[in-house]
Amino acid sequence: MRITSLFIVMLSLFVSACSYKVPTEVSPATNIYSTYEDKIPGKFYLVSDSGMKNIHRDIKPSSYVCSAHSYPLTVDSSVSQSVRATLQNVFENIEEIDHMPTVEMMGKDGAQGVVFVKMKRFEPSIRFAMGFWSGTGIGTCDMVIEVVVKDKNNQTLVNTTVGGNRTTEGDSGAGCGGGAEVLSRAIYETTRDTMERLAERVANSTKVREAVSSDIAMQTNPSVAAD
């Protein structure tokens, strides 16, 4: 009986190629460490590069086990939504737009600056290991995002990259179908870690806070600029 069950499990891992769609979720920062009690004041724009959306991957296992299967992945907007939700906890007022604002536009709208984000690396992968009674899926995701913060005069205040790398494990499931959920968790946790580093890098930027404070002071008291 045990031999028969083991044979069935092994057979399901190696044959009958199937495609399992990988779900994605919004994953904003949940823990933000900041040396400041307040959010960054003023108004900022958020612009996401087109590469942050509509990411498509057809992931094949790197292992021989479950190698017949594929795991298609489409990231429509979960990463960009994670960025927006995260930065809403960093800035008092941040508005997402689909193009880089001009200096004239920011001056007219009374904005203090813009945050630009771009996906530099997004590499999800999965492999499987055969156990005695069932297989194990091991999902990994590596993510790097470029972050640029500029003031209303187009002067760069922050130019950096943040990223995360997580590995999760879970039962491979019938016909290796469990791999989709394993990979989804790896992407979710990687995104969350990346968002936390994004938030901390921006929230703790002295250059951003000093530039904003100076600009707000000049708007409320024009004589400051004259001095």
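General observations
- Selection of the range 51-86 for residues being part of a loop (DSSP other than H, G, I, E, B), among the aliphatic types (A, V, I, L, M) and touching a strand residue (DSSP E or B) at 6+ places or on another chain (Cβ under 6 Å) yields only VAL65.
- Residue in the range 124-138 that is within 15 Å of the chain's Cα centre (by Cα) and part of a strand (DSSP E or B) present: yes
- THR161 falls short on exactly one of the conditions (1) surrounded by fewer than 17 Cβ atoms within 10 Å (Cβ to Cβ); (2) outside any strand (DSSP E or B), and that condition is (2).
- Any hit, the range 211-227, residues being at pLDDT 95 or above, surrounded by 15 or more Cβ atoms within 10 Å (Cβ to Cβ) and in a helix (DSSP H, G or I): no
- Any pair with Cβ under 6 angstrom, 6 or more apart, that starts in the range 91-102 at a residue that is closer than 20 Å to GLU200 by Cβ and ends at one that is aromatic (Phe, Trp, Tyr) and not in a loop (DSSP other than H, G, I, E, B): PHE91/PHE44; ILE94/PHE44
- Qualifying residue in the range 175-192 (condition: at pLDDT 95 or above, of a type in the set (Phe, Trp, Tyr) and assigned to a strand (DSSP E or B)): no
The values are calculated or read from the model by the stated rules, or taken from the named source; none is laboratory data. Since the model is a prediction, treat every value here as computed from it, not as a measurement. Because the Cβ atoms are built from the backbone with ideal geometry, glycine has one as well, and the counts that use them run over all protein chains shown.
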